[in-house]
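The values are calculated or read from the model by the stated rules, or taken from the named source; none is laboratory data. Remember, predicted model here, so these are calculated numbers, not experimental data. Cβ sites come from the backbone with ideal geometry, for glycine too, and all protein chains shown count toward neighbours. For the accessible areas, the whole protein counts, side chains as well, though only heavy atoms, and no ligand, DNA or RNA atoms are used. Shrake-Rupley method; radii C 1.70, N 1.55, O 1.52, S 1.80 Å.
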Amino acid sequence: MMKLKISDSIKNLALVLLLAVLIAGCRSNNQKNTRPSVARQWNEAMLAAIRLDLARPTVHARNLFHMSIAMYDAWAAFDDVANPYLLGHAVGDFNCSFTGIGAPVLKQSAREEAISFAAYRLLSHRFKNSPGVAESQAAFDALMAALGYDAKITSTDYAQGPSAALGNYIAQCIIAYGLQDGANEENGYVNIAYQTVNPPLAPASPGNPDLSDPNRWQPLSLASFIDQSGNTLPGAATQFLSPEWGRVVPFSLTAAELTIYQRGNFDYWVYHDPGAPPAIDIASGGGLSSEYQWGFSLVSLWSSHLDPSDGVLWDISPGASGNVQSFPQTIPEQRTFYDALNGGDFGAGHSINPHTGEAYAPNVVPRGDYTRVLAEFWADGPDSETPPGHWFVLLNRVSDDANFEKKFRGDGPVLEKLEWDVKAYFALGGAMHDSAISAWGIKGWYDYIRPVSAIRSMADRGQSSDSNLPHYSVGGIPLEPGFVELVLSGDPLVGANDEHLNKIKLKAWRGPDFIRDPNTDATGVDWILAENWWPYQRPSFVTPPFAGYTSGHSTFSRAAAEVLTLLTGDPYFPGGVGEFTAKKNEFLVFEEGPSVNVTLQWATYRDASDQTSLSRIWGGIHPPADDIPGRIIGERIGVNAFTRAESYFLGS
């Protein structure tokens with residue numbers, strides 16, 4: 001049985017240095033069967049550096065891919081079949097010339113040396129401006145020393161020099177390639193043309209009175225913004241992260257999948273264009289207004305599920321959940337996919353564990369604990385390796401599992417650790433890179449609103465269900481008895497002078513104002529004024545600093561699930577189940593909890609991906625309209641990226 005515990009990953013410099021010492025001991029004792037490959041060691045060092053950097057999913061998806069290129073090319077340069085990706089080839093408008101190398105006496109040692117120098121140079125470059133640069137660079141230096149390499153070797157003369165020179169040359173090529181690939185790395189990845197149309201929302205104040213376009217993204221005005229890696233950034237309005245990322249050179253995305261739009265004399269590149277999300281017409285209520293209202297109100301309905309004391313118990317085992325067979329293909333069809341009032345989707349579960357031949361044991365927990373753990377586990381913060389890095393962590397745990405054999409596509413010979421790792425990282429890295437390009441290209445062009453802005457804005461306008469009731473507006477929020485209602489006379493929320501009479505109230509998570517100490521306080525669920533609704537997030541974060549449509553989590557996760565399914569030749573986790581246990585009153589960060597131990601379980605990689613998508617609704621971050629296109633696009637990207645990576649492995 002596979003057990004995943006993300007907190008077991010390297011969290012700080014002390015642990016990185018400890019790992020380096022252990023690695024050195026493994027090398028000196030020649031314990032080749034137990035020590036991780038050098039590719040794995042450098043991947044762990046990078047994940048640790050990401051956790052200390054700014055939380056930028058796009059930037060780190062690219063970093064993870066470029067690091068995977070560096071290690072794969074250093075490995076493939078010594079292979080008789082595999083074809084390097086950048087070394088000796090042109091990618092986009094960039095060419096990395098390569099005249100070849102002689103056969104080394106010890107191929108494995110040559111590969112390890114080249115990989116280490118390539119990784120060291122690239123990581124040192126990419127994290128030189130990180131807020132955690134001192135810790136990260138010390139860790140890179142320590143790992144080089146532990147592996148027995150002299151970082152002062154800077155030669156790139158790979159034809160005459162040691163394998164270190166080849167590693168330095170590969171890193172040099174990738175660094176130069178990255179300065180012209182469309183990411184605007186040279187200028188700190190800043191936006192070139194994008195401008196928001198809405199003034200900022202101050203979530204600490206009631207309502208959303210200044211929103212000008214209810215279909216477009218709205219920045220937040222916070223006293224201080226703490227990103228998902230725990231970095232405190234200056235106050236004022238949040239800035240849209242990477243709205244022009246669609247222009248970055250992709251891995252497997254093709255021109256046939258590209259649509260180019262123009263706004264303000266700037267071209268926005270969109271791969272796998274899903275079409276526009278549902279928009280609201282606040283004047284007539286026409287078009288897809290009702291789908292907009294349904295989708296965002298569903299987010300508020302699911303906020304009522306965040307209380308473990310409500311008496312609702314769920315079986316969250318793979319026997320009772322997961323195994324979603326298909327996705328809605330149109331926006332109206334999304335209504336039949338989600339259980340709007342009770343939460344979750346209509347996954348049929350798995351009748352048996354195919355690896356054991358037995359039924360999955362029930363796993364019954366309070367729904368309010370499950371939903372809160374889910375929201376925080378997949379939120380990737382704080383101290384997070386961001387969503388694309390999270391899937392590298394999962395990949396590493398799969399590779400380590402005692403039930404798993406490193407057979408490519410689950411067939412043929414068991415691969416040596418280094419070969420498995422460089423190939424696995426290359427395929428997953430390409431998928432994460434393309435997922436960021438596609439999802440953020442869509443985000444930048446469609447510029448879609450987030451739930452905190454939409455829910456407050458609809459509630460400010462009133463209710464849209466009954467023109468005979470007070471506070472009616474075609475652009476308001478739909479009433480739902482027991483969940484979305486009007487504040488009537490005598491209601492505890494009406495105020496001393498009836499100042500809140502006929503406003504909208506929601507049965508929802510009460511928000512951060514009810515938490516003084518997150519180590520001891522849990523806010524629970526109750527009726528609140530809709531104008532004060534919060535996502536299930538920290539008050540210093542509230543919602544990610546970029547548009548919602550489409551969900552990056554859904555895109556990354558589904559793409560990764562497809563890669564792991566193809567890579568391992570099995571849709572199931574090793575042993576038929578993956579697990580993560582959130583310990584009672586230890587795991588949650590936003591508030592105290594969970595009230596019991598909660599073990600998340602997934603039979604398949606796709607089940608984990610689908611659970612990720614649902615977590616973002618309970619977290620108050622995405623409506624269904626953001627979710628489903630991300631899953632569909634991620635599935636395509638994952639398959640295509642793996643197929644393209646495999647073509648390099650086969651030398652075609």
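Express the accessible area of segment 334-470 per residue in Å², computed with a 1.4 Å probe while the remaining protein chains stay in the model.
Each residue of segment 334-470 exposes 30 Å² on average to a 1.4 Å probe.
Setting aside same-chain residues fewer than 8 positions from K443, which aspartates and glutamates have a Cα under 12 Å from its Cα?
Qualifying aspartates and glutamates at Cα under 12 Å: E244, D273, D626.
For R35, R247, R461, what's the largest-to-smallest order of accessible area, 1.4 Å probe?
R247, R461, R35
Roll a 1.4 angstrom probe over the protein heavy atoms and tell me the percent of accessible area of the chain that is carbon or sulfur.
Carbon and sulfur atoms account for 51 percent of the accessible area of the chain.
Cross-link candidates for K503: which aspartates and glutamates have Cα within less than 13 Å, leaving aside residues fewer than 8 places away along the same chain?
Those aspartates and glutamates meeting the cut-off are D460, E485, D491, E531.
Can you tell me, using C-alpha contacts under 8 Å and at least 6 residues apart, the relative contact order of the chain as a whole percent?
Result for the chain is 19 percent.
When Lys and Arg each count +1 and Asp and Glu each count -1, what net charge do the other residues less than 11 Å away from F408, Cβ to Cβ, add up to?
Around F408, the charge tally is 0.
Quick check on my link table: of K107/K152; K507/K584; K128/K406; K107/K406; K423/K583; K128/K152, which ones sit more than 27 Å apart, alpha carbon to alpha carbon?
Check vs 27 Å cut-off fails for K128/K406; K423/K583.
Can you pull the accessible area of V190 for me, 1.4 Å probe, Å² to the nearest 10?
The value for V190 is about 80 Å².
Under 13 Å from the Cβ of A279, count the other residues' Cβ atoms, weight Lys and Arg +1, Asp and Glu -1, and hand me the total.
My count for the surroundings of A279 gives -3.
Taking only protein heavy atoms into account and a 1.4 Å probe, give the accessible area per residue of segment 162-294 in Å².
Counting only protein heavy atoms, the per-residue value for segment 162-294 is 42 Å².
With each label point set 7 Å from Cα along the Cα-Cβ vector, what nm distance links L258 and N468?
Spacing of the two 7 Å Cα→Cβ label points: 5.8 nm.
Using the Cα atoms of the chain to build a convex hull, what is its mean projected area in square nanometres?
Quarter of the Cα hull surface area: 28.5 nm².
Order E257, E405, most accessible first, counting only protein heavy atoms with a 1.4 angstrom probe.
The most accessible residue leads, giving E405, E257.
At 222 nm, what value in deg cm²/dmol follows for the chain if DSSP H runs of at least 4 each add -39500 (n - 2.57) and the sum is divided by all its residues, to the nearest 500?
For the chain, the value works out to -12000 deg cm²/dmol.
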